[in-house]
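K.L.:
Structure in structure tokens, see below.
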Amino acid sequence: MLDFLIRTNFLQHFIFTLRDDDPLLQAMLEPTPDSLNALFIFEAKMTLFLRISQTKLGAESLLASGLLDVLSDCRFIDFRFEEDFSMGSFHYSSLFFFFPPWVNSHFFVDRC
């Protein structure tokens, strides 16, 4: 499968589309995002990249295709959701303050 992805240039295409996803992923940090599709697509791409990177050839292919360069250019990675935590009561541990409230309510309901 990796040979096919490299030969047809799909691997590099998947990597370069991360740049196109950057504004959509930045919008995910709003209190009420329009859609979660960008998050799910990003997770799927990163899962594919992680799976590919488990072999030496795969890791070398990801590096040669510019994955680290593209990820370092993505601005959403540097963003943090900010909210005035003194304005309400939160029952989550401090670990969950890194996520926007809509992520906490979607994934971590009644787990803390």
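K.L.:
Looking at segment 27-43, which of its residues are among the small types (Gly, Ala, Ser) and more than 9 Å from the chain's Cα centre (by Cα)?
P.N.:
Ala27, Ser35
A quick yes/no check of all residues on (1) within 20 Å of Gln12 (Cα to Cα); (2) of a type in the set (Lys, Arg); (3) in a helix (DSSP H, G or I); (4) at pLDDT 90 or above:
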{"site": "Thr32", "(1), (2), (3), (4)": "no, no, no, no"}
{"site": "Ser35", "(1), (2), (3), (4)": "no, no, no, no"}
{"site": "Arg51", "(1), (2), (3), (4)": "yes, yes, yes, yes"}
{"site": "Gln54", "(1), (2), (3), (4)": "yes, no, no, yes"}
{"site": "Val70", "(1), (2), (3), (4)": "yes, no, yes, yes"}
{"site": "Glu83", "(1), (2), (3), (4)": "no, no, no, no"}
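K.L.:
Does segment 12-25 include one or more residues that are surrounded by 12 or more Cβ atoms within 10 Å (Cβ to Cβ) and assigned to a loop (DSSP other than H, G, I, E, B)?
P.N.:
no
K.L.:
Is it fair to say Thr47 is assigned by TED's automatic domain parsing to the domain that holds Gln12 and in contact (Cβ under 8 Å) with a residue 40 or more places away in the chain?
P.N.:
No.
The values are calculated or read from the model by the stated rules, or taken from the named source; none is laboratory data. These figures come from a predicted structure and were not determined experimentally. Note: ideal-geometry Cβ built from the backbone for every residue, glycine included; neighbour counts use all protein chains shown.
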